[in-house]
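Working notes, beginning with the structure itself.
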Amino acid sequence: ACAETDERLRMGEALVQCVERAGAMLGEYAHHVVPALVSVVQQTHDEPVVLFSAVSILAAAARTSPVALHRWLDEIAPTLAGVLLVAEARTDDAWVAVRRACAVFWADLCTGYGDRLLELCDTNMLRDVYKTLKNLEAADPDEIVRLQAQSGIALIDATVRGQLMSNYLP
């Protein structure tokens, strides 16, 4: 099992480089990568190192070309919420890293969408993400997780405020 995990991690390292190098072209190839990563995240609740790798690759995609993930957000959001439920009960470093990766994913996605966040994200999903980030900010024992959650919250708050101001002020 250890050799298989090492192989999966090496493939993950190569994949994150491909995702980052693809840049704006990631959308052309996302259908080859994203469903497989979501599947790994959904099925890998016993190997936090592999889970961390898959979530980190999704975060790299969110950072590189967030619109490329748009088609799968309805599946990614509840999947990561489920991962956080499993990870919050665990205190060892590997699970802390998983929580960090999830928080980074949401912060990177919010940063990448910028002013288009409300336009591109379903309101209910965004509300759930906001609640998840608020819970992480308030209760996670890891300072880095709390800081990443604060970053995502601040981005959502700023976007919502900006949208309100542009819609209601002349």
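Quick rundown of the values:
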read-out	value
Net charge dipole size for the chain [Lys, Arg +1 and Asp, Glu -1 on Cβ; Debye, nearest 20]	440 debye
Length gained when the stretch GLU7-ARG21 is fully extended (0.36 nm per residue, less Cα-Cα span)	2.9 nm
If the convex hull is drawn through the Cα atoms of region 41-91, its volume per residue in Å³	72 Å³
Whole-number D in µm² s⁻¹ for region 1-94, Kirkwood Cα-pair radius fed into Stokes-Einstein, 20 °C, 1.002 mPa s	158 µm²/s
Options VAL34, HIS45, TYR130, ranked by Cα towards positive dipole end of the chain, top entry (Cβ charges)	TYR130
Whole-Hz couplings from phi, Karplus 6.51/-1.76/1.60, listed for region 75-87; x for Gly and Pro	9, 5, 4, x, 5, 5, 4, x, 4, 5, 4, 5, 6
Within the accessible area of the chain (1.4 Å probe), percent carbon and sulfur	54 percent
Degrees, to the nearest 10: 48-64 long Cα axis against longest axis of the chain	40 degrees
Angle in degrees between helix 26-43 and the longest Cα principal axis of the chain, rounded to the nearest 10	60 degrees
Estimated FRET transfer efficiency when R0 is 35 angstrom, pair ALA139-GLU28 (beta carbons, to 0.05)	0.30
Average projected area [Cα convex hull, region 123-170], square nanometres	3.4 nm²
Cα-centre dipole for region 1-92 with unit charges at Cβ (Lys and Arg positive, Asp and Glu negative), debye to 20	300 debye
Cα-centred dipole magnitude for region 79-122, charges only on beta-carbon of K, R (+1) and D, E (-1), debye, nearest 20	120 debye
Solvent-accessible heavy-atom area per residue, rounded to whole Å², over the chain at 1.4 Å	54 Å²
Karplus (6.51, -1.76, 1.60) ³J(HN,Hα), θ = phi - 60°, over region 153-160, in Hz, Gly and Pro reported as x	4, 4, 5, 5, 4, 5, 5, 5
Dipole-positive endmost among MET165, LEU84, LEU117 within the chain (Cβ charges, Cα centre)	MET165
The chain, Rg to Rh (Cα coordinates; Rh as Kirkwood inverse mean 1/r)	0.98
Cα-based Rg and Dmax for region 78-151, where Dmax is the largest Cα-Cα distance (Å)	12.1, 38
Protection-proxy order for peptides 61-74, 110-123, each taking the mean of Cβ atoms within 10 Å per residue, highest first	61-74, 110-123
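The values are calculated or read from the model by the stated rules, or taken from the named source; none is laboratory data. Keep in mind that this is a model prediction, so the values were computed, not measured. As a convention, Cβ positions derive from the backbone with ideal geometry for all residues, glycine included, and neighbour counts pool all protein chains shown. SASA here: full protein model, heavy atoms, side chains in, ligands and nucleic acids out. Shrake-Rupley method; radii C 1.70, N 1.55, O 1.52, S 1.80 Å.
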